[in-house]
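Asks: One structure coming up, written as structure tokens, with questions to follow.
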Protein chains: 2
Amino acid sequence: MAAAPLLAVLPLLLLAAFLPSPTAAAHSSNYPKPFPPVAPLHLQALRHQHHQRARSSLDAKYIAAAANSTAAKPFTKHFFPQELDHFTFTPNSSMVFYQKYLVNDTFWRRPGGKQPAGPVFVYTGNEGDIEWFATNTGFMFDVAPKFGALLVFIEHRFYGESKPFGNDSYKSPETLGYLTSTQALADFAILITSLKQNLSAEAAPVVVFGGSYGGMLASWFRLKYPHVAIGALASSAPILQFDYITPWTSFYDAVSQDYKSESLNCFNVIKATWDVLVERGSNDTGLLELSKMFRACKTVKSVYSFQNWLWTAFTYTAMVDYPTPANFLENLPAYPVKEMCKIIDRFPASADIVDKAFTAASLYYNYTGSETCFQLEDEDDPHGLSGWQWQACTEMIMPMSISNQSMFPPSEFDYNDRSDDCFVTWGVRPRPHWITTEYGGYKIDKVLKRFGSNIIFSNGMRDPWSRGGVLKNISSNIIALVTEKGAHHLDFRSETKDDPEWVIEQRRQEVQIIQGWIDQYHQDMAEMSS
Amino acid sequence: MAAAPLLAVLPLLLLAAFLPSPTAAAHSSNYPKPFPPVAPLHLQALRHQHHQRARSSLDAKYIAAAANSTAAKPFTKHFFPQELDHFTFTPNSSMVFYQKYLVNDTFWRRPGGKQPAGPVFVYTGNEGDIEWFATNTGFMFDVAPKFGALLVFIEHRFYGESKPFGNDSYKSPETLGYLTSTQALADFAILITSLKQNLSAEAAPVVVFGGSYGGMLASWFRLKYPHVAIGALASSAPILQFDYITPWTSFYDAVSQDYKSESLNCFNVIKATWDVLVERGSNDTGLLELSKMFRACKTVKSVYSFQNWLWTAFTYTAMVDYPTPANFLENLPAYPVKEMCKIIDRFPASADIVDKAFTAASLYYNYTGSETCFQLEDEDDPHGLSGWQWQACTEMIMPMSISNQSMFPPSEFDYNDRSDDCFVTWGVRPRPHWITTEYGGYKIDKVLKRFGSNIIFSNGMRDPWSRGGVLKNISSNIIALVTEKGAHHLDFRSETKDDPEWVIEQRRQEVQIIQGWIDQYHQDMAEMSS
């Protein structure tokens, strides 16, 4: 049970930071700018709808194994002493904190045998407790036996149990300032190098894996630390969602396209809902009526809460539009976007469109039917995961606008608004061009055509994040694997008996390519230095 | 005149940090450990012998141009606002300092014409005032017209006029902590990106150049920032002089080999000198006599000063064993090691060996014959260049021992001694494995065989630093250019009428390879994105 709320919070963390102009939304009733109507940035991370129901049992085998029972977890937990700041030698820099990592050596072909040691597969942790990522990356467990691989999952600094300043870690820029992607990558490099030494496995090749922000880290890690990792599998990694590389409207256009592809009526109903909602919610009577329609546990105070509740459902359902029943963000049936649109289309044309949208969105929040009411406005931070909001106020400036063509109310990303919000909330201003300066991104196909190797960028086009990903092969060994029907790092999920052929094939290709890297590595190592 | 002392201080900076156990030497009279007998680490940077003579006019054309007259300098001076810390967002991190850079646009084919804009050739500054490096890298000026290149020389943070905290910059780890190679590389990336934007030259390819530590930075820059620089020419860059990659004795073995290759007698005389010196200098009478023999301006107080004076002459003459007369460290004739050995060999076998060694070393300090006496013990820091000592106490741990086979007294590098010295002197302890973790180095031929491209590592084997360099081709486009008779970044010096064919050929190859990178770049850019 303990892990369940995390499931809903995490990917939202990644997304929430890109909402246009959130602060103004919390304080203004001028519709339609800005949308969606959300709390100040620092609260966005906490936007988890606490459902008053008993969660159904988790369906994936490793998720099950990783639930509350310690004994059943398929990994052991360790802590590594890590220096606070790898890039300066100021007095603070050598402060040590303990970084959590998880290990599964069940399948590992250890060094010292007749065959070379099996590879080390490292998950480069993203913005949350690493146990959550480990339990949601069944793919690594599924393929480990074939490779004889050691599995290591490293928690990202400032998340989970890897908080350098304990409960004070999120207090101010004095502490949070050390939460950056570059420091995280150096953490990974140091930990992996040390771990291999301790295991006498210096010769074992390392492959890094990551999904979403973790996938960004995995691909950047291969590019910056080729001497540590021989390759990277970056799943649903929107490394091009920065600056002016990817059109700012592409994310919400992609969400909208998912719905439009199922039914034009579905798209039109959702698109028309926002204005109607605002009109009806303009006074207390309206809010009370809407609260009843939305089965709110408490009367809702702001019409933006309804909008946000719907926005969350439609957007995240697009991200996790998986071809099989899954419980990643919420318990959902296979192809949940199609199911939502079926719900809308089943209504008579004359029915209340807000009711249509509400009923569709309820699929996201209440597929199992166990909810008696919904908490639309209660938000807290039970897991201390708000670090992503800091990251979105410093390095991770991914501009997102909403176009007229989308099913959401149009809005423009305004960098100055973001910067001011960040300054008010965190006392920090972003460096909007830092990511592209440090990691590149512009003309990536030209830059990496003759530089670097051994990266797989996998994306599913149902996932709106795919639009900020690498979707075409860059070279013979920097590869894009794209599935038209795939969703947010679908390939990383545990295999199930219902998996369609195209995802089986995608995973098969990934295994084959990674095997090629490992074979090549051993072949190169066996050759005399030239 | 102003630039002259810099000439002698800089390369010494790079070397001095690697002397074994220097602190103990200053306080101990137990011969033979440790050698050479030098002041505490923080004084080593200042080890410049102030000669009491008028310097002869500088010989290279650009050095002449860069002398005191501002009007004659072949570059304009600029300052760029740079943030103090690129890898954190602590309150200090966004403090702005002004980084100096020099520009020569005489030869630049500007954007907007019929042909594509000429390339941007950037010198990645090392441990000193950038004007010194600009005036000693005549190669870039020599080849700029052929390429239509813009020349940019960027000063390394904490050197020259790029001190973030002004005169307080070297005060403590609170300020010096921001002097690291990673910050310097990020400075370069940010400055180059911004400069290209300001010049509307986004499409112009950038090639980075660097010699010695600057060469290390250039090669690392290409590896870490391939989206900013299309290639790097790293001259005499000892990127493998870390950890256990290169044998610790190789540097002094190489110095010794230079002398042995000229004459076994020369080698033997120098090798025998150290013990004799210590014996004679064991009392005040002996020190007085030695002071007279060494033509010391003031009576020398420690016998280690004589040893150090000789050590400096023999070691640095090996580094700058150029095939033409040059004034890089000191005014010297062509092939100065050969000349020194001729001096020794001309003595009758029965002559005083200390006198032999002194007379040979005088070639280094007094080739022009203008010195009336030598300052053997006065050291100061007129140019504020001691930053390298900090770097040698933090990141740049290049272990060096002296073997029995060398012509110097044997000694062993002791990491704990270094660490303790650093703690006493600077209040900081090194991270001895950081460089190899951040930049790699182990098995570099395997790691880069299928990763990265467009780097030239050039080395001359007379230069003892060559032993820590990349001496063999790694791939078809990570190339080693080695000359048997070359010395410390000889290829970067201005062409002269006396250049031997092999250095002309080396430079010709460098130009050809760089032209290939630029042609390839334009060809790739002209192709449609695939």
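Asks: Please list, in order, the residues from region A:142-179 whose amide nitrogen is less than 18 Å from a point placed 7 Å along the Cα→Cβ vector of residue A:200.
Replies: Residues passing the 18 Å test: A:150.
Asks: Now a separate question. Put the label 7 Å from Cα along Cα→Cβ for residue A:497; what are its distances to the other copies, in nanometres, shortest first?
Replies: Result for residue A:497, in nm, nearest copy first: 9.1.
Asks: Report the one residue of B:361, B:251, B:319 whose Cα lies farthest in the direction of the positive end of the charge dipole of region B:249-366 (charges on C-beta: Lys and Arg +1, Asp and Glu -1; origin at the Cα centre).
Replies: Among B:361, B:251, B:319, the one farthest towards the positive end of the dipole of region B:249-366 is B:361.
Asks: Set the Förster radius R0 to 60 Å, insert the Cβ-Cβ distance between residue B:295 and residue B:515 as r into 1/(1 + (r/R0)^6), and round the FRET efficiency to 0.05.
Replies: 0.70
Asks: List the distances, in nm and shortest first, from the label point of residue A:403 to the matching label points in every other copy, placing each point 7 Å from Cα along the Cα-to-Cβ direction.
Replies: 6.7
Asks: Can you give the Kirkwood hydrodynamic radius for region A:317-455, in Å, rounded to one decimal and based on Cα pairs?
Replies: Across region A:317-455, the inverse of the average 1/r is 19.3 Å.
Asks: Still on this structure: Report the convex hull volume per residue for region A:176-240, counting only C-alpha atoms, in Å³.
Replies: 85
Asks: Shifting gears a bit: What fraction of the Cα pairs in region B:249-366, stated in percent, has a spacing above 19 angstrom?
Replies: In whole percent, the long-distance tail amounts to 44.
Asks: Go from 0 up to the bin containing the longest alpha carbon distance in region A:381-530, width 10 Å each, and give me the % of pairs per bin.
Replies: That works out to 9, 24, 30, 25, 10, 2, 0, in percent per bin.
Asks: Considering only chain B, pick the residue with its Cβ nearest the axis of the rotation onto chain A, and state the distance in whole Å.
Replies: Here the value is B:87, 2.
Asks: Any idea of residue A:79's accessible area? Nearest 10 Å², probe 1.4 Å.
Replies: 90
Asks: Taking each residue in B:445-455, count the Cβ atoms of any other chain within 10 Å of its Cβ, then average. What number comes out?
Replies: Partner-chain Cβ atoms within 10 Å, mean over residues of B:445-455: 5.
Asks: Only four residue types carry charge here, +1 at the Cβ of Lys and Arg and -1 at the Cβ of Asp and Glu. Report the dipole size of region A:243-319 about the Cα centre in Debye, rounded to the nearest 20.
Replies: Roughly 360 debye for region A:243-319.
Asks: Among the listed pairs B:271/B:298; B:446/B:472; A:260/A:356; B:73/B:196; B:77/B:114, give every one whose C-alpha distance is greater than 18 Å.
Replies: B:271/B:298; B:73/B:196; B:77/B:114
Asks: Need the per-residue list for region A:213-229: every residue with at least 10 Å² less accessible surface in the complex of protein chains than in the chain by itself, probe 1.4 Å, sorted by number.
Replies: Going by heavy-atom accessible area, the residues of region A:213-229 that drop by at least 10 Å² are A:222, A:223, A:224, A:225, A:226, A:227.
Asks: Something else: Could you run the numbers on buried accessible area between A and B, total for both chains, 1.4 angstrom probe, in Å² to the nearest 100?
Replies: That pair of chains buries around 4900 Å² in total.
Asks: How large is the Rg to Rh ratio of region A:154-293 when both quantities use alpha carbon positions and Rh follows Kirkwood?
Replies: 1.18
Asks: Using a cut-off of 12 Å between beta-carbons, work out the net charge of the residues near residue A:475 (Lys and Arg +1, Asp and Glu -1, residue A:475 not included).
Replies: Here the charged neighbours net out to +3.
Asks: Which length gain, in nm to one decimal place, applies between residue A:484 and residue A:429 when the Cα-Cα distance is subtracted from 0.36 nm times their residue separation?
Replies: My answer for the length gained is 16.0 nm.
Asks: Separate question: Using the 7 Å Cα-to-Cβ label point, sort the distances from residue B:473 to its equivalents in the other copies shortest first and give them in nm to one decimal.
Replies: Residue B:473 label point versus its equivalents elsewhere: 2.7 nm.
Asks: Counting other Cβ atoms within 10 Å of each Cβ, which GluC sites (Glu not before Pro) in region A:467-530 have at most 14 and sit in a DSSP loop?
Replies: Sparse-neighbourhood loop GluC sites (Glu not before Pro): A:484, A:527.
Asks: Could you tell me the accessible area of residue B:438 in Å² (1.4 Å probe, neighbours in place), rounded to the nearest ten?
Replies: Result for residue B:438: roughly 10 Å² accessible.
Asks: Can I ask one more? Please name whichever of A:230, A:302, A:351 sits farthest to the positive end of the charge dipole of region A:200-352, dipole taken about the Cα centre and charges placed at Cβ: Lys and Arg +1, Asp and Glu -1.
Replies: Most positive-ward Cα: A:302.
Asks: Something else: How much of the calculated P(r) for region B:98-159 lies past 18 Å, in percent of all Cα pairs?
Replies: Considering region B:98-159, 36 percent of its Cα-Cα pairs are separated by more than 18 Å.
The values are calculated or read from the model by the stated rules, or taken from the named source; none is laboratory data. Note that this is a predicted model, so its numbers are computed, not measured. Cβ sites come from the backbone with ideal geometry, for glycine too, and all protein chains shown count toward neighbours. With ligands, DNA and RNA removed, areas are computed over all heavy atoms of the protein, side chains included. Shrake-Rupley method; radii C 1.70, N 1.55, O 1.52, S 1.80 Å.
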